[in-house]
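What follows is a short report on a single structure.
The numbers here are math on the coordinates, done by the rules we state, and not lab data. Bear in mind the structure is a predicted one, so any value in this text is a computation, not a measurement. Cβ atoms come from the backbone with ideal geometry, glycine included; neighbour counts cover every protein chain shown.
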Amino acid sequence: MKSTIQSNEIDPTEAGDRHAGAGNAYRVYVLWLLFFVYVIHHLDRNILLLLQEPIGKEFALSDSQLGMLTGLVYALPFALAGIPLGALADRVTRTRMVAILVIIWSGFTAITGLARSFAGLVVARAAIGAAEAGAPPGILSILSDTYPAKSRASVLSILFMGPFIGLLAGSILGGAAAAAFGWRGALFIAAIPGVLVALLILLTVREPMRGTFDSETSRKMAAPPIGEVVSFAARHVRVRDTILAMVMASIVSIGVASWIPVLLIRDYGLPLAKAGLITALIAGLPGALGSLFAGWIASRVAGGRDAQLLRLCGTAVGIAAPLGCFAAWVGALPLAIAGFTLWGFANTMFIGPGHSLYLNAAAPRMRGTLSAVAVIVCNLVGAGLGPLLVGSISDLLHAAGDTRPLAHSIGLLALAGLLSAWLFWRARAAAVRDPSSTGETLSPAEQAEVQ
C-alpha cells in the first residue's frame, strides 16, 4: 500500500516541460485567483458572525441558537457534503467544479437575506455549508498539481491568508453595509464577488494535469475508495496526529473569533460598525500576516521539512493559548485589542504548513479526498463545536451569576489550544523517529533526538 499513499516527486523543471501553461506567471495567477475564492468562501461564511446581534434581536434568539446558526448548522452540511465532493474532485474537472460551487453558495448568501424566520436562516445557512464544502479539496488538489512539494507549505500559507482576509472583508463590509442597508442588504452585497470570480475561473484557468510533480507510477494510479483514504489517515501516525492537532486548533480559532465582535459590543459597549472594524483589525489582518509569516519560515528556515514544520506549528499554537485567554479576561479595551492581535497572529501559523504535511504524503488521486477529510473534520468539530461551546458555557456561567460570562467562556476555550500544541509536538516526534516515510534526511540535531 505504500505506493498508493506515498508519491515520489520528480524534478519540477521536467514536470513543467510537459505541463502546458505552467509558467511562473500563470502559476502565480492561479494561486492568487484561488486565494480570492478562499477569501469569498470565508466572506460569505463569516459575515453572519458580525450580523449576529441584529439577527438575534429581530428573531429573539438566544446565544445558544446564535452559536448553533453560526456553528453546527453550517458545519454539519459542510461535513456531510465534503467527503463526497472531495472524492468527486479526484475524478472530475476541478476548475469547473470549483466555479459552479462558488456560484451556488453565493446565491444562497443572497437568499439568507430574504429569510423571514429562524428556520429560513437555518435552511439557507445549511445550503451555504454544503456548497462551500467542495471548494477546499478542489483548490488544494489544483495547487498540488501547480506547485512542487517543497513549495507547498509556503504556497498554502498564502492561500490560507484567505480566511482571515475574508474575515477582514466580512467585518468591514458587513459593518458598513449593515449600518447603511441593514443586515439583509449586507448579505445581498456579499453575494456579488463570488459570481464574478467564478466566471474568471471558467474563462481563464486550465485544468492542470494530475500528478504533474509526481512519478509516472503515481500519476497512473486510480482514485482509491473513500474508506482506503480514511484508513490511511488513521494509520499514518504523523498525518493522524497533525490532523487531530489541526482539529483542536480549529475549535479554538473558530470558537474564539466567532464571538469577538459580540464581546466588544456587550462588554465594551461598542456600536456594531466599530466592533466590526476592530474585529477585522485584531483578528483578520493579524491572522493573514501570521499565515504569510509562517510561509516565509516554512521556505526559508524549515526548508519544507516535516519535523521543522511541525515544530513551527506546535510552538505557534502553544504561544497563542495564553495570549487569547489574557485578551478575553483582561477587562480593559486597549489590552484586549493588543492580546487578540497577538493571538490572531500566532494562532494562524499552523494552517498552511499543516495542510502541506498530509498533501505531501498522498498520491495525486487521493489528495482531493484526503484534504476533504481533513477540512471536513476541522469544520465539523471546529466550526460546529467552537462557537456552540462558547455560547453554551456563556449561558451556564450567566445562570450561575457570572457578571462577564462571555469573556470567561472565550478565555477558557483559548487555553484549550495547549492540547493542540501537544498534538503537533507528538506528530513531530513521530516524524523524527521515522524520517524514511517522508524521504527526508535528518539534520545532526534531529539525529541526536532520535538517539
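What percent do you get for the relative contact order of region 105-260 when only Cα pairs under 8 Å and 6+ apart count?
With pairs under 8 Å counted, the relative contact order is 27 percent.
Tell me the angle of helix 237-268 to the major Cα principal axis of the chain, expressed in degrees between 0 and 90 and rounded to the nearest ten.
The two axes meet at around 20 degrees.
Using just the alpha carbons, could you tell me how many Å³ per residue the convex hull of the chain encloses?
Cα convex hull per residue, to the nearest whole number: 128 Å³.
Using the number of other C-beta atoms within 10 angstrom as an exposure proxy, rank His398, His236 with the fewest first.
So the ranking, lowest neighbour count to highest, is His398, His236.
Go through Val432, Gly339, Ala416 and say which Cα lies farthest out towards the positive end of the charge dipole of the chain; charges sit on Cβ, +1 for Lys and Arg, -1 for Asp and Glu.
Looking along the dipole axis, the top candidate is Val432.
What is region 86-186 by shape, rounded, prolate or oblate, if you read a ≥ b ≥ c off the alpha carbon gyration tensor as root eigenvalues and call it rounded for a/c under 1.5, prolate for a/b larger than b/c, and oblate otherwise?
oblate
For helix 135-144, report the angle its Cα long axis makes with the longest principal axis of the Cα atoms of the chain; keep it between 0 and 90° and round to the nearest 10°.
The helix 135-144 is inclined about 30 degrees to the chain.
If I take every Cα pair under 8 Å that is 6 or more residues apart in region 283-416, average their sequence separation and divide by the length, what percent do I get for the relative contact order?
Normalised by residue count, the contact order of region 283-416 is 31 percent.
Report the equivalent ellipsoid semi-axes for region 299-419 in whole Å, largest first, defined as the square roots of five times the eigenvalues of the gyration tensor built from alpha carbon atoms.
They are 32, 19, 9 Å, listed largest first.
Return the long-range amide H neighbours of Ala362 (sequence gap of 5 or more, or a different chain), with a cut-off of under 5 Å between placed amide H atoms.
Under 5 Å from the amide H of Ala362 lie the amide H atoms of Ser7, each far enough along the sequence or on another chain.
Given the rule -39500 (n - 2.57) for each run of at least 4 DSSP H residues, summed and divided by the residues of the chain, what is its mean residue ellipticity at 222 nm, to the nearest 500 deg cm²/dmol?
Helix-only estimate at 222 nm: -25000 deg cm²/dmol.
Specify the angular offset, from 0 to 90 degrees and rounded to the nearest 10, of the alpha carbon long axis of helix 367-377 from the longest principal axis of the alpha carbons in the chain.
Computed tilt is about 30 degrees.
Please report, in debye to the nearest 20, how large the charge dipole of region 88-222 is about its Cα centre when each Lys and Arg carries +1 at its beta carbon and each Asp and Glu carries -1 there.
100 debye
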